[in-house]
């Protein structure tokens, strides 16, 4: 039974539904000191692949992480979060579907908005490996004219609370280079458009 998997975002066809870490290393030209992880949905940490043969499923994704990356990356992300929380107030919130959001309590939207200052939620699930691509404000936020903003959909992102989810995504995101602080600047530009 032929199936396929992705290793470092490259498709590899398999003759069987079993793999080993060494086969994954050979597919991705991955150094022996890198750890290999199986990508899983949700916010739980991805599992490291086991030693020896293991079963795989059609379309599964695997990636490598160089030694020492986790501590440095986790420390940097936490430093970014701490800096933004110190500036705007707020903290981390989990949603019922397992997503992680950074909620900034006092984000200045600008003079085109009512109110001019409101909470801002940024979905940070998977960051910094995954691009930041979703942000919300409470459902009562409107343009000064009273109109609902463009490309903003009411959603119950935090359970029963209605927030406006903005469909507005950076086109030049670069993993390892783009930052949470930079994304906040991107969001500020969106609100400056006043539409």
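Rule-based calculations on the coordinates, nothing more; no lab input. Note that the structure is predicted; figures quoted are calculated from it, not measured. Every residue, glycine as well, gets a Cβ built from its backbone with ideal geometry; the counts of neighbours run over all protein chains shown.
Name the residue that is nearest to residue 191 (Cα to Cα), counting only residues in segment 147-159 that are touching a residue at least 40 places away in the same chain (Cβ under 8 Å) and part of a strand (DSSP E or B). My answer is 157. Out of the residues in segment 95-107 meeting the condition of being exposed (fewer than 13 other Cβ atoms within 10 Å of the Cβ) and in contact (Cβ under 8 Å) with a residue 40 or more places away in the chain, tell me which one is farthest from the chain's Cα centre (by Cα). Only one residue fits best here, namely 96. In the set 92, 162, 122, only one residue is touching a strand residue (DSSP E or B) at 6+ places or on another chain (Cβ under 8 Å), loosely packed, with under 13 Cβ neighbours inside 10 Å and part of a strand (DSSP E or B); that residue is 92.
Taking the stated definitions as given, is residue 173 in contact with a strand residue (DSSP E or B) (Cβ under 6 Å, 6 or more places away or on another chain) and either surrounded by 19 or more Cβ atoms within 10 Å (Cβ to Cβ) or outside any strand (DSSP E or B) (or both)? It is false that residue 173 is in contact with a strand residue (DSSP E or B) (Cβ under 6 Å, 6 or more places away or on another chain) and either surrounded by 19 or more Cβ atoms within 10 Å (Cβ to Cβ) or outside any strand (DSSP E or B) (or both).
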